[in-house]
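Everything below concerns the one structure shown next.
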Amino acid sequence: MPANPPTAQQQLVLSRIRHVTQESNVESKAPFRDFCDFGTRAQCGNSACSSVHLLHLITQSTDPQLGDCSYLNTCHRINDGCKYLHYEIDPQEHLSHDLEYKHPVPLFTPLPPPQWLECDVRKLDLALLGSDYSVIMADPPWDIHMQLPYGTLTDDEMIQLNLHRNQKEGGFLFLWVTGRAMELARLCLEMWGYKRVDEIVWIKVNQLQRVIRTGRTGHWLNHAKEHCIVAVKGSGPHNYNPGIDSDIIVAEVRETSRKPDEIYNLIERLCPGGKKLEIFGRKHNTRPGWLTLGNQLGGSYIHDDDLKKKLNG
Ligand code: SAH
């Protein structure tokens, strides 16, 4: 697996959530603590403030009078010449575990190791992959009339993707859309036999967990959000946990097109343990319980013998 450094928010959540035991299926977690609006403890000045604080990251090149670096933790020159201020989470922030929260439905099911298949999705017979996926997620290279660092699929090629065969008995589809694909996706859903039931909005924040103002896309307005349509085939998978997560993800922006890891936890809580298929994923998207397809995976790894035979046969 490639190194997948956690975002600042993920580090915070990770240190806050303690998985008591896999066997007892009990999760305990402390209450959510927000980032302090003042940033550092010194600027906050309130010794009783229970929010999480940041520390200034001062290197030999830092000139604190210049203010914050626009790129913050994504700056490629943090340790190598950037003059502006950067931050890290204050290691003094002890994260308490005094309040316990027990989920009514077991959320932690052992998952098989990740599998991935490098392929041109247009040429693969998706039916070979099986018909019982509880969840499919796709972040397609829609032809949105923009310069992208990878090839796109025409509208017809998208419509012809027969993903519904992978969810014969029903399931969830998480479909990322942007620009003109917001409309095109609705047509695809109709052709594939899915019904749109929800839409997740990813609010893009920077390292300080503040909403991005200067989006990288958007002609009339700067885009600071993305959309993931949630659709169902039939009445959805056999077993799922409704009503755990909200339809908003607030997460840090990373590389071009990269989606927030938070989506995987949301899906796992919705459908613990079910078989999952990601179409148009990259190596950092591979996850336990998921089969990932894409043309930038740099190879394949399939451990399921049946699937191996079908793909080789
Ligand atoms: N969700 C991903 C980004 C997906 S971008 C993330 O979080 O990082 C779309 C991906 O689809 C790119 O990796 C692109 O190379 C891939 N792709 C484009 N055409 C493809 C094709 N015909 N078959 C398989 N993958 C394709």
Point to revise | Out-of-range pairs (alpha-carbon distance over 20 Å; input Lys275/Lys308; Lys233/Lys276; Lys123/Lys259; Lys259/Lys310; Lys276/Lys310) | key: Lys123/Lys259; Lys259/Lys310
Check your understanding: Largest first, what is the accessible-area ranking of Met158, Met146, Met182, Met191 with a 1.4 Å probe?
Key -> Met191, Met146, Met182, Met158
Review point. With every protein chain in place, what's the accessible area of Val197 (1.4 Å probe, Å², nearest 10)?
Key: 60
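Write down the Kirkwood hydrodynamic radius of region 240-313, to one decimal in angstroms, obtained as one divided by the mean of 1/r over all alpha carbon pairs.
After inverting the pairwise mean of 1/r, the radius is 14.2 Å.
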Review point. What does the accessible area of Asp306 come to, in Å² to the nearest 10, when a probe of 1.4 Å is used?
Key: 100
**Study point:** Cα lying deepest toward the dipole's positive end in the chain, options Phe174, Val253, Gly39, charges on Cβ
**Key:** Phe174
Point to revise | Shape of region 184-313, Cα gyration tensor, a/c cut at 1.5 | key: prolate
Practice item. With no solvent and one equal point scatterer placed on each C-alpha of region 124-191, evaluate the Debye formula and give log10 I(q)/I(0) for q = 0.13, 0.14, 0.17, 0.22 Å⁻¹, two decimals. Key: -0.38, -0.44, -0.64, -1.00
Practice item. Mean Kyte-Doolittle of at least 0.5 plus a Cα span of 18 Å or more along the axis: flag which DSSP H helices in the chain meet both, please. Key: none
Study note, to complete from the structure: Listed residues Thr59, Thr109, Thr178; largest mean-square fluctuation, Gaussian network over the chain with Cα springs below 10 Å, found at Thr59
Point to revise | Charge dipole (debye, nearest 20) of the chain; +1 at Cβ of Lys and Arg, -1 at Cβ of Asp and Glu | key: 180
Point to revise | Residues whose placed amide H lies under 5 Å from that of Asp68, excluding near-sequence neighbours | key: Leu85
Point to revise | Counting all C-alpha pairs of region 273-313, share separated by more than 10 Å (%) | key: 73
Review point. Using a Gaussian network model of the chain with C-alpha springs under 10 Å, which one of Pro112, Pro260, Pro237 is most mobile by mean-square fluctuation?
Key: Pro112
Point to revise | 20 Å binning of all Cα-Cα separations within the chain, expressed as whole percents from 0 upward | key: 28, 55, 17, 0
Practice item. May I ask you to list the aspartates and glutamates whose Cα is less than 20 Å away from that of Lys204, ignoring any residue fewer than eight positions away on the same chain? Key: Asp34, Asp37, Asp68, Glu88, Asp139, Glu226, Asp245, Asp247, Glu252, Glu255, Asp261, Glu262
Check your understanding: Where the only charges are on Cβ atoms (+1 Lys, Arg; -1 Asp, Glu), what is the dipole of region 185-292 about its Cα centre, to the nearest 20 debye?
Key -> 280
Review point. Roughly how many Å² of Lys310 are accessible to a 1.4 Å probe, to the nearest 10?
Key: 110
**Study point:** For region 204-269: rounded, prolate or oblate by the Cα gyration tensor [a/c cutoff 1.5]
**Key:** prolate
Practice item. Could you list the GluC sites (Glu not before Pro) in region 231-313 that lie in coil according to DSSP, counting only those with at most 16 other Cβ atoms within 10 Å of their Cβ? Key: Glu255
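The values are calculated or read from the model by the stated rules, or taken from the named source; none is laboratory data. As the structure is a computational prediction, the values presented were derived from the model and not from experiment. Neighbour counts run over all protein chains shown; Cβ positions are idealised from the backbone, glycine included. Side chains are part of the model used for accessible areas, which takes the heavy atoms of the whole protein and leaves out ligands, DNA and RNA. Shrake-Rupley method; radii C 1.70, N 1.55, O 1.52, S 1.80 Å.
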